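Structure first, then comments.
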Amino acid sequence: MQERHFSFEFFPPKTPEGAEKLRVTRSQLATLQPKFISVTFGAGGTTQQGTLDAVLEIQREGTEAAPHLSCVGSSRDSIRQILKTYREAGIRHIVALRGDLPSGMGEIGEFRFANELVEFIRAETGDWFHIEVAAYPEYHPQSRSPRHDMENFARKVKAGADSAITQYFYNADAYFRFVDDVRRLGVEIPIVPGIMPITNYSQLMRFSDMCGAEVPRWVAKRLESFGDDRESIRAFGLDVVTSLCERLLASDVPGLHFYTLNAAGPTKSLWQRLGL
Ligand code: FAD
């Protein structure tokens, strides 16, 4: 079996207090020696400096850093400039996305879909970057059909992606089926499951509604029944996500990517339960 890689995701902090909290989180998670840490990027460039600052700090601390880069609302020149900055900083890993513009915020820009961004990065920078793209085992919420979504995924892989990270999911069968189906479309790259710890019922339901991830009814019902009892939510959430990861790790997944939400505790607990 191939070597498995584990990675973490952060978002760029908005305040000096947030930046300090993230430093503490990073130092707690660094001991787990992830393969890389990725940092999200607000569509339309809203977190451009924050993403760059976080990524540079991570690099300085000796961990491989992978900035996300979303292209919606951006011009070719602005993306070229960001790529140049990353290259000059020695960054060689990037997560290429379309992104979602907040409503009322500007024009679509010069890129429509992530495959165009991947193509552009390859054309501009050759093999400099390891390019990750997003995958949706339960399908992207705007997709015309599952088949169309998987064909679009295959298109961005053919444009030059090296690996993919999935949207989070709680149904392992959706992931297994997605991987089998896109393999039949000629996709050979590693597709790493994205793992979202469960710590907050209303936040989870809100996120899941927006991004098209399904929270199984029995999980939602149990979480709802705990009300404000955060300890029970955490304990039950940890059980559910541990079982999911165990099932994934029992198959030949290439690794796991943890959506940390800038907190060390939930990811660390999962890590320990999984004996990683
Ligand atoms: P695409 O691959 O372009 O797909 C978007 C939609 O268009 C899909 O419905 C697809 O079927 C369709 N489509 C794709 N290509 C074509 C085509 N050529 N013709 C017609 N239809 C097409 N968002 C951020 O803003 N910042 C982040 O940092 C960020 N990080 C993320 C990390 C991961 C791992 C994931 C899974 C998502 C992340 N997102 C982030 C969210 C992401 O930007 C949204 O889900 C967005 O709506 C789609 O981005 P994408 O790159 O998957 O788009």
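What follows draws every value from the coordinates through simple rules; no lab data is involved. Here the structure is a predicted model, which is why all the values come from computation and not from measurement. FYI the Cβ positions are ideal-geometry reconstructions off the backbone, even for glycines, and counts take in every protein chain you see.
At-a-glance table
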quantity	calculated
Whole-number percent relative contact order across segment 56-202, with pairs defined as alpha carbons under 8 Å at least 6 apart	20
Axial C-alpha extent at least 20 Å, average Kyte-Doolittle at least -0.5 - helices from the chain (DSSP)	230-249
Phe207, Phe8 arranged by Cβ crowding within 10 Å, fewest neighbours leading	Phe207, Phe8
Net dipole in debye of segment 1-147 [+1 Lys, Arg Cβ; -1 Asp, Glu Cβ; about Cα centre; nearest 20]	140
Of all DSSP beta bridges in the chain, antiparallel share, percent nearest 5	0
Partners for Lys14 among aspartates and glutamates (Cα-Cα distance below 17 Å; same-chain residues under 8 apart left out)	Asp53, Glu57
Residue order, fewest to most surrounding Cβ atoms within 10 angstrom, among Thr46, Thr166	Thr46, Thr166
Options Thr47, Gln59, Ile82, ranked by Cα towards positive dipole end of segment 3-87, top entry (Cβ charges)	Ile82
Cα-centred dipole magnitude for the chain, charges only on beta-carbon of K, R (+1) and D, E (-1), debye, nearest 20	100
For segment 123-163, with +1 on Lys and Arg beta carbons and -1 on Asp and Glu, the positive-most of Pro137, Ala159, His148 along the dipole	His148
Length-normalised contact order for segment 179-248 - Cα pairs under 8 Å, 6+ apart - percent	39
Exposure rule at most 15 other beta-carbon atoms within 10 Å, DSSP loop GluC sites (Glu not before Pro): the chain longest free segment	108-187
Reachable lysines, given that their alpha-carbon falls under 23 Å from the alpha-carbon of Lys21 and they are not under 8 places away in the same chain	Lys35, Lys268
Tail weight of P(r) past 33 Å, computed on alpha-carbon pairs of the chain, percent	18
Residue order, fewest to most surrounding Cβ atoms within 10 angstrom, among Tyr86, Tyr170	Tyr170, Tyr86
Distance between segment 201-276 and segment 1-67 - C-alpha centres, whole angstrom	20
